[in-house]
Amino acid sequence: MNKFAFPAMALLLAGTAFAEGMSSTNKYAWSENAGWINFRPGSGNVVVTGTGMTGYAWNDVYGWINLAPAHGGVLNDGNGTLSGNAWGEQTGWINFSGVTIGSDGMFHGTASGTTVGRISFNCANNNTCGSSNFKVQTLWTPPSSSSSSSSSSSAASSAPAVSQSHGGGGARHVSVSADRTVANTSAASSSKPTISAPAAVIVPRVSVQVQMRTCARVQKGFTGSALKRVVARIMKVLGFRC
């Protein structure tokens, strides 16, 4: 394929959907050190494809977390098994090995980072759904999933209440309320931080539908080093990564 013809072709592609966004209700993961992480914040534009994740998650304590940084990125093996690393200016690297996406789009397992500790994507990981019903869900599902399946347990649109105590000398008790405001026993924050888009956010210059069609055609027509070059070209020209 003529490499110079690709940008124009990408805008005209048609095919099976390979890129999907996140649930508007099931969108919070819990970090043992940082509290709630929102995988569908305003301006975050988190998208899941058969090869990985793009966009930004948000944490009220440490800010934006880039799911597709230049020298890393969260990868998907095509069947919902994730690997690779996300990056936050305040969190450092976060390893997604150990996280999977089920047939209903639900995330399972835990990611981990030096600063944020373990990040749980589903209350079922530690049987806490009765007291803290949180989940992360994407509209993307593995190819083996039935296209008609969309089962998921109901969850409140706001994050559930969770509290943790940190032992040791000068122990502090951290609580996260339904509006995700972080407070300690000595001084409660009156409002959560304002979420504003970071300067580094790359906003795709095409619709989600075009992203889907583009990724489908790319995955079908390219492999190996050629695929890497095309993906890099898409990121530069169209503002998203398959």
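The values are calculated or read from the model by the stated rules, or taken from the named source; none is laboratory data. Given the structure is predicted, the values throughout are model-derived calculations rather than measurements. Quick reminder, even Gly has a Cβ in these numbers, built from the backbone with ideal geometry, and neighbours come from all protein chains shown.
Details
- Condition check for M106: closer than 25 Å to K228 by Cα, of a type in the set (A, V, I, L, M, F, W, C), modelled with pLDDT of 95 or more and touching a strand residue (DSSP E or B) at 6+ places or on another chain (Cβ under 7 Å): no
- Here is the figure for region 202-226: residues that are part of a helix (DSSP H, G or I), hydrophobic (A, V, I, L, M, F, W, C), surrounded by fewer than 19 Cβ atoms within 10 Å (Cβ to Cβ) and at pLDDT below 80 total 1.
- Meets criteria (surrounded by fewer than 21 Cβ atoms within 10 Å (Cβ to Cβ), among the aromatic types (F, W, Y) and not in a loop (DSSP other than H, G, I, E, B)) for W87: yes
- The single condition from (1) more than 9 Å from the chain's Cα centre (by Cα); (2) at pLDDT 95 or above; (3) β-branched (V, I, T) that V48 fails is (1).
- Number of positions in region 117-141 that are more than 18 Å from F96 (Cα to Cα) and among the small types (G, A, S): 3
- The single condition among (1) modelled with pLDDT of 95 or more; (2) touching a Cys at 6+ places or on another chain (Cβ under 8 Å); (3) hydroxyl-bearing (S, T, Y) that T100 does not satisfy is (2).
Every residue, every condition in (1) within 22 Å of T54 (Cα to Cα); (2) not in a loop (DSSP other than H, G, I, E, B), yes or no:
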position: S103; (1), (2): yes, no
position: T110; (1), (2): yes, yes
position: G130; (1), (2): no, no
position: P142; (1), (2): yes, no
